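To start, the structure itself, in structure tokens.
Read the figures in this text as sums done on the coordinates, not as results from a lab. Just so you know, these numbers come straight off a predicted model, no measurement behind them. Note: ideal-geometry Cβ built from the backbone for every residue, glycine included; neighbour counts use all protein chains shown.
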Amino acid sequence: MPLLTRLSELPNRLRELPALAARVPNVLHSVDVMRRAGLMVLSRPDTGVKALLAMRRWGPIVGAATISMERDPYALAIVDERGQLTYGQLDRQSNALARGWHDDGLAEGDVIAVLCRDHRWLVLAMLAAGKLGARLLLMNTGFSGPALADVSERENVSAAVYDHEFAGLMDALPDRVRRYLAWAEDDEAVRATTLDDLIANNSDKAVPVPPRPGGLILLTSGTTGTPKGAPREIRSPFAAAHFLERIPWRTGECTMLAAPMFHGTGFSQFVLNLALGSTIVVRRRFDPEATLQALEEFRCTALVVVPTMLSRILDLGPGVLKRYDTGRLRIIFAAGSALSPDLGNRIIKNFGPVLYNLYGSTEIAVASIATLPTNGSRRRARSVGHRTAAKSGFTTRTASGSPSRTSPAGFSSAAS
């Protein structure tokens, strides 16, 4: 760039300095939050640089898995009904799947829809789509055929990954959509191309970085009509600090992910725990007593749920609750629907002060995270936890800036 051009831009650069300086305290605070969680080691700044590069090159899902794989490839990553996978195995198997898809004609920018319950093949499909540079569309497992067809047409789906139980719904898709079977029972006669086939028949060597990171599409709840795609992207390398400041996630622990990953609640906490290098325990279907059993068996320190799941766990009764050792739980993360004051108090009574409640939606992501009070007062007659001193609630706004709703008083909360 010629010297005169550079000099002409100098006044504009100087005007930007105050705004940049104002951001420094927030950046330093985010770095400290992530350091306390174990995501940043100040004595090894090179690891932080590698992590930022991984997120930028691969996007949030593959970037998070890459960070943890390079930290410890032998660390246990996923536990499901079929067994266990390490971070190294996730990396190699998703490489093979991405190569298989590429050889089958899928490419950067294609949309891969996933209609699966929570298991290893859902995770592998997420990672392989990111390594291919494809856009990942997470479908609701409660979809009907017409809803599936409508969303697939609108989002221009190129391929669909599905569990065997949803095979009948695949008839609703046009013939041009490639189909890949994820979960199949051992005794089922499988005629479709499976993810296992592609993984077994392709090299698991590292794949090239795509020109652009693959995108992610979460679907809205569909309360005002057919569910619509809400694209997601991580705009800041310090995005995780919002959760980590309010919720004491730490690296290398174990999380039971009961909330489904196609929903924003399960997905967001899945990616965060992936970056933390946690062991993530998943089950295809929620069962309250089986959840307690898994918490004890895998010594889980965190449980991610929607409030109705908490209700079903408590409905088991004191006899069943006392049968399982859940004393290692430090976090019960609940989101996705309203958490009543009564339910909140019952959880605190049975599990202790470990409850964290997120308010948000697919469209706006995180609005606030509610935490327990720190002054020792844990119960209030009409609130879940303790309201802030400054306000009794917060207002969320639509994209146009108009207020949409005001939250009731509850846990101490910080609007984003």
Checklist entry - Under 5 Å between amide H atoms, partner at least 5 residues away or on a different chain: which partners does Arg179 have, H built in plane at 1.01 Å? => result Ala160
Item to check | Cα gyration tensor shape of region 89-232, rounded if a/c is under 1.5, else prolate or oblate by comparing a/b with b/c | outcome: oblate
Item to check | Packing-based exposure ordering (other Cβ within 10 Å, fewest first) of Cys254, Cys300 | outcome: Cys254, Cys300
Checklist entry - Under 5 Å between amide H atoms, partner at least 5 residues away or on a different chain: which partners does Arg250 have, H built in plane at 1.01 Å? => result none
Checklist entry - Along region 318-327, what does the Karplus equation 6.51 cos²θ - 1.76 cosθ + 1.60 (θ = phi - 60°) give for ³J(HN,Hα), rounded to whole Hz, x for Gly and Pro? => result x, x, 6, 4, 6, 6, 10, 8, 10, x
Next on the checklist: Let me spell out the model: positive unit charges on the Cβ of Lys and Arg, negative unit charges on the Cβ of Asp and Glu, origin at the Cα centre of region 89-232. What dipole size does that give, in debye rounded to 20?
Outcome noted: 680
Checklist outcome for this item: Expressed as a percent, the portion of alpha-carbon pairs in region 51-146 spaced more than 21 Å apart is 34
Checklist entry - Around Ala77, which amide H atoms from residues at least 5 apart in sequence, or from another chain, sit under 5 Å from its own amide H, with H modelled in the peptide plane? => result Leu85, Thr86, Tyr87
Checklist entry - Each residue of region 121-127 in turn: what ³J(HN,Hα) in whole Hz from Karplus with 6.51, -1.76, 1.60 and θ = phi - 60°, glycine and Pro shown as x? => result 6, 5, 5, 5, 5, 4, 5
Checklist entry - Using the Karplus equation 6.51 cos²θ - 1.76 cosθ + 1.60 (θ = phi - 60°), what ³J(HN,Hα) coupling, rounded to whole Hz, does each residue of region 104-110 give in order, writing x for Gly and Pro? => result 8, x, 7, 8, 3, x, 5
Next on the checklist: Give me the dipole magnitude in Debye, nearest 20, for region 278-349 about the Cα centre, with unit charges on the beta carbon: positive for Lys and Arg, negative for Asp and Glu.
Outcome noted: 100
